[in-house]
Every structure is written in structure tokens, then in C-alpha cells.
């Protein structure tokens, strides 16, 4: 079993957010909001590992820490795919798909769930749509940088 620590989580989150969270027209306060994600990532991930209402999984490729997912059950009817971070060196090789599957499985494929995504992160939106999430046009968030809430309906088998 591979082991990671807070510094590993922070470094991966920084690489992931640098690749997908920024665009040229962000204001200084919006840039700081993105940097905050990096600052809280280790504490958030390590906390999820100890919380029975959260699920944490890490992916490794040839021994390298490639990404992680955190899923959270806020309430029986509020299940969130909370964090999905993949090192850009591993984009496009199945890491995100495997982490998504693990997070959705833990939340319950037969249960509705949701996630937040930056409105300008078109790559992530396409990825989530591929995994049966759809933008909720009526949902609003309090984030400084505009986000969509995407929802995934339960799979009926």
C-alpha cells in the first residue's frame, strides 16, 4: 500500500488547480480563492480519512501519487462528490474515471448526488457529463468564482 501525507496532497492539489482553475481574467481575490483550495487541501483530505461521513481514495500509477477523490454525505438526501483532483501528468489515462467510480460507488449509484464545478472549467464539465452529471440551471452557489452545481440522478437498474 502506498502512503501519502499532507505535503503530497498539497503539492498534487496545486498542480491540479494550476492546470484547470485559472484563466487570464481572474481578479486578485479570485486568484486567492483558488489558492485557498490548495491551502486547505491537506487538512480537508486528512480530515476526510477520519470522518465516517466521508470517503477518501487515492490513485497511484507506477508508484506515483496521481490523484484523489473525497465524497461526503452531508445528510441522507445530500450526497456530494466533494473533491476530485488529478495531477495533470495523468490526465486522459483513466485516473479520473477510476476515482469518479470509487466516489460514486461509495455515495451509492442508486442515490442522487451533486458536485460543484467552476463554470469556466469546460474540461471538467465535459468529464462530469460523461459520468451522468448535468448542470442544474436553477442552483446557485456562494462561491466568489462562478460555479455550477451539477446533479446526478440515481441509476435505476
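The values are calculated or read from the model by the stated rules, or taken from the named source; none is laboratory data. For clarity, every value in this text was computed on a predicted model and none was experimentally measured. Glycine also receives a Cβ, built like all others from the backbone with ideal geometry; neighbour counts cover every protein chain displayed.
What to note about this one:
- Of the numbered criteria (1) in contact (Cβ under 8 Å) with a residue 40 or more places away in the chain; (2) touching a strand residue (DSSP E or B) at 6+ places or on another chain (Cβ under 8 Å), the one residue 30 fails is (2).
- Single match in 90, 133, 148 (criterion: crowded, with 19+ Cβ neighbours inside 10 Å and farther than 28 Å from residue 61 by Cα): 148
- Failed item, numbered, when residue 100 is tested on (1) closer than 22 Å to residue 20 by Cα; (2) without any contact (Cβ under 8 Å) to a residue 60 or more places away in the chain; (3) in contact with a strand residue (DSSP E or B) (Cβ under 6 Å, 6 or more places away or on another chain): (3)
- Residue 16 being surrounded by 15 or more Cβ atoms within 10 Å (Cβ to Cβ) and not in a strand (DSSP E or B): yes
- Within the stretch 36-69, the set of residues being in a strand (DSSP E or B) and more than 17 Å from residue 15 (Cβ to Cβ) comprises 54, 55, 56, 57.
- Residues that are part of a loop (DSSP other than H, G, I, E, B) and closer than 19 Å to residue 95 by Cα, drawn from the stretch 20-35: 21
- Top-ranked residue of the stretch 1-13 - restricted to ones that are touching a strand residue (DSSP E or B) at 6+ places or on another chain (Cβ under 6 Å) and in a loop (DSSP other than H, G, I, E, B), ranked as surrounded by the fewest Cβ atoms within 10 Å (Cβ to Cβ): 2
- Checking every residue in the stretch 73-93 against the condition of being under 26 Å from residue 31 (Cα atoms), at pLDDT 95 or above, out of contact with any strand residue (DSSP E or B) (no Cβ under 8 Å at 6 or more places or on another chain) and outside any loop (DSSP other than H, G, I, E, B) gives at least one match.
- The C-beta contact set for the stretch 111-122 (first residue touching a residue at least 12 places away in the same chain (Cβ under 8 Å), second residue assigned to a loop (DSSP other than H, G, I, E, B) and buried (at least 18 other Cβ atoms within 10 Å of the Cβ), distance under 9 angstrom, 6+ apart or interchain) comprises 118/21; 118/145; 119/145; 120/21; 120/145; 121/21.
- Of all residues in the stretch 110-157, those that are more than 24 Å from residue 34 (Cβ to Cβ) and in a loop (DSSP other than H, G, I, E, B) total 11.
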